[in-house]
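Colleague: I have a structure here, written as structure tokens, and I will follow up with some questions on it.
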Amino acid sequence: MKNMQLGEPIVNNIFNMSVNEARAYLEENGFTMRVISVDGRAKGVSMELKEKRVNVFVKDGKIDDINNIS
């Protein structure tokens, strides 16, 4: 795995899930999700901090990496 989040086993479970599966899973567990890159192309994102928001990289329709939890 690339960027495991220490102390966040719920978040680490989303690796290799589809975007929709990951979003639903995180929302069920009190998190939100923001896609910041798709197949190597950065998405426009704002810099505001939101508690329990997971920033993810998507490759081939699956969660490939986690940037951080803001």
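Colleague: Output the residues belonging to the stretch 13-70 that are assigned to a strand (DSSP E or B) and open to solvent by 50 Å² or more (accessible area, probe 1.4 Å).
Modeller: Going through the stretch 13-70, the residues assigned to a strand (DSSP E or B) turn out to be 18, 32-38, 41-42, 53-59, 62-69.
Scanning the stretch 13-70 gives T32, V38, R41, A42, F57, K59, K62, N67, N68, I69.
Colleague: Residues of the stretch 51-67 being in contact (Cβ under 8 Å) with a residue 24 or more places away in the chain and under 8 Å from the mean Cα position of the chain (by Cα), which ones?
Modeller: Within the stretch 51-67, V54, V56, I63, D65, I66, N67 qualify.
The values are calculated or read from the model by the stated rules, or taken from the named source; none is laboratory data. Computed from a predicted model, the values in this text were never measured in an experiment. As a convention, Cβ positions derive from the backbone with ideal geometry for all residues, glycine included, and neighbour counts pool all protein chains shown. Quick note on the areas: whole protein, heavy atoms, side chains included, nothing else; ligands and nucleic acids left out. Shrake-Rupley method; radii C 1.70, N 1.55, O 1.52, S 1.80 Å.
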